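Following: one structure in structure tokens, then a few remarks.
The values are calculated or read from the model by the stated rules, or taken from the named source; none is laboratory data. If you're wondering where the values come from, they're calculated on a predicted model, not measured in any experiment. Virtual Cβ from ideal backbone geometry, glycine too; neighbours counted across all protein chains shown. Please note that ligands, DNA and RNA were not included when accessible areas were found on the heavy atoms of the full protein model with its side chains. Shrake-Rupley method; radii C 1.70, N 1.55, O 1.52, S 1.80 Å.
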Amino acid sequence: MTKELRRLSIVMLFMFLSLFAATSWIQVVAADELGQADRNTRSLLDSYEIQRGSIIADGVQIAYSVASEDEFQYQRMYTDSPMWSSVTGFFNPALQSSTGIENALSGTGASAFLAEIERIVSGQAQTGFSVELTLDAAAQKAAYEALGGLQGAVVAIEPATGRILAMVSTPGYDANAVAMHSGAQAEAAYDALDALKPNPLQNRAIRGNLNPPGSTFKVLVAAAAYATGDWTPESTLPNPARYALPGSSSQVSNATGGTCGSGSTVTIADAIRLSCNIPMAELAVELGDAKIFEMAEKFGFNQSFSTPLESTASRYPRGLDDAQTALTGFGQGQVTATPLQMAMVSAGIANDGVVMNPRLVDAVIGNDLSVVRQYENSEFGRATEADVADDVTDAMTASVADGAATGARIDGIDVAGKTGTAENDGDEPYTLWFTGFAPADNPQVAVAVVVEDGGGMGQSGSGDTLAAPIAKKVIEAVLNR
């Protein structure tokens, strides 16, 4: 063989190997990514032949497909949609759009590829996988009905597992209107919803414009203090009626306008029970922002969670000065949170200081009812030691029993809870909160409630009068009271 032929053979061999490697990469490694690409119209057209699986909550189909007589072949249907829409989202082939859990169902992974091969071989129509959610139907209904016409959200979590038992955002919407196969009608329905204020397409439980958590954040500040070993529930702080923010002429006061009880000092436990701002601001300054920041991140602040719905990260910034740190002592200033995050705070305290990753899905189920994938519980991490969690629990339980959170009382059940009435800019209505868990000595459910826009009461409503009774209804539903 001449030198030129040898060189040509080497070049051709190299070209063959490059082509083989490229096609192997496309068909094996990049197959899922290419199959789910927005511009892959073939996958989109193929998906119309598939009867999408159901979304199941507590054994009931809350989203399912029925045959249709148009090019899309199957129409998506939603049961009691306004109650579930914040979770299910919607699917519309005409708009090539999906949201919520429906969006999580839209991919075509390796298992779906094998199902397609089976369909071709057997000649049978393919049915997509179904998703079994963690949601408790009674808790979801209780949350939705208790919120009523209010603008707000509820998240309930099983503390020991992280399973989300309720996730409601109001106002809700009817996903059936956006799932119509007429592209023009569906787009008009979507645009009409998107133009509403408040916007029902926003899931306030995990996203939206985040609110200051108000006095619900005090439980986290107390946990940060106890964790240092320098502070106990009986540690005392000065008890003035007005407090000047460090390095500032601005002053803060307690909700009552007076002192926190009658003494010249007040314990941390009583400051939590009575929900006093000044001692918690003083405590925050003495702790320093670094310790509060560390504890906030241990509970999940500054991180997004995929349940698989993606949450907006709740925020506790680094490097706050003393004035801003004082404000965060009672959940104001630059700290903001989702209801999911505040439910995780209560769930972590309820679970002896261990925070679990929140999740909405128990299993993916094949069309033969086999379990394709089972989702397991997983730890986010330990936020506090158990004795610290116990001390915080005692103060929260006292708050519901005879303190600032009596709106969450349940006869025969010890409820641990904390209310919040958060101020916004200027004359804007307050944001009203409750977070807590029950039973206090054997927690089965942790819950967070936010009521935005003052619950229609401007700056007259409170977390105890509006948010706490909603949480009570959800807790009762989970405990079958």
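Computed on the Cα trace of the stretch 404-469, the radius of gyration divided by the Kirkwood hydrodynamic radius gives Rg/Rh = 1.05.
Add +1 for every Lys or Arg and -1 for every Asp or Glu among the other residues with Cβ under 11 Å from the Cβ of Thr307, and state the total.
Its environment carries a net charge of +1.
Axis of helix 137-147 versus longest Cα principal axis of the chain: the two differ by about 60°, to the nearest ten degrees. Carbon-plus-sulfur accessible fraction, the chain (probe radius 1.4 Å, protein heavy atoms only): 50%. Partner aspartates and glutamates whose Cα lies under 16 Å from the Cα of Lys218, excluding those fewer than 8 positions away in the same chain, are identified as Glu234, Asp270, Glu282, Glu286, Asp289, Glu294, Glu297, Asp390, Asp391, Asp394, Glu423, Asp464. This model, with +1 at the C-beta of Lys and Arg and -1 at the C-beta of Asp and Glu, gives the chain a dipole about its Cα centre of some 880 debye. Since only Pro240, Gly261, Pro159 are under comparison, the one whose Cα sits farthest along the positive direction of the charge dipole of the chain, derived from C-beta charges on Lys, Arg, Asp and Glu, is Pro159. Taking 27 Å as the limit for the C-alpha separation, the pairs Lys141/Lys418; Lys197/Lys418; Lys418/Lys473; Lys197/Lys291 exceed it in the case of Lys197/Lys418; Lys197/Lys291. Summed over the residues of the chain and divided among them, the accessible surface reaches 45 Å² per residue at a probe radius of 1.4 Å.
When Cα extents along the principal axes in Å is calculated directly from the model, which label among [x] 98, 63, 41; [y] 71, 49, 37; [z] 70, 61, 44 fits? Looking at Cα extents along the principal axes in Å for this model, the match is [x].
Compute the long axis of helix 289-299 from its Cα atoms, compare it with the longest principal axis of the Cα atoms of the chain, and write down the angle in degrees, 0 to 90, nearest 10. Between helix and principal axis, roughly 50 degrees. Here the contact order of the chain, divided by its residue count and restricted to Cα pairs under 8 Å and six or more residues apart, works out to 15 percent. Counting only protein heavy atoms and using a 1.4 Å probe, the accessible area of Val478 comes to about 30 Å². In the context of the full protein assembly, Glu187 retains an accessible surface of approximately 100 Å², using a probe radius of 1.4 Å and ignoring ligands and nucleic acids. If you sort Ile272, Ile56 by accessible surface, 1.4 Å probe, largest first, the order is Ile56, Ile272. For the chain, the longest principal axis of the C-alpha atoms and the axis of helix 3-24 are separated by about 50°. For the pair the stretch 401-447 / the stretch 276-316, the C-alpha centres are spaced 18 Å from each other. Residues Tyr243, Tyr64, ordered by accessible area of protein heavy atoms at a 1.4 angstrom probe radius and largest first, appear as Tyr64, Tyr243.
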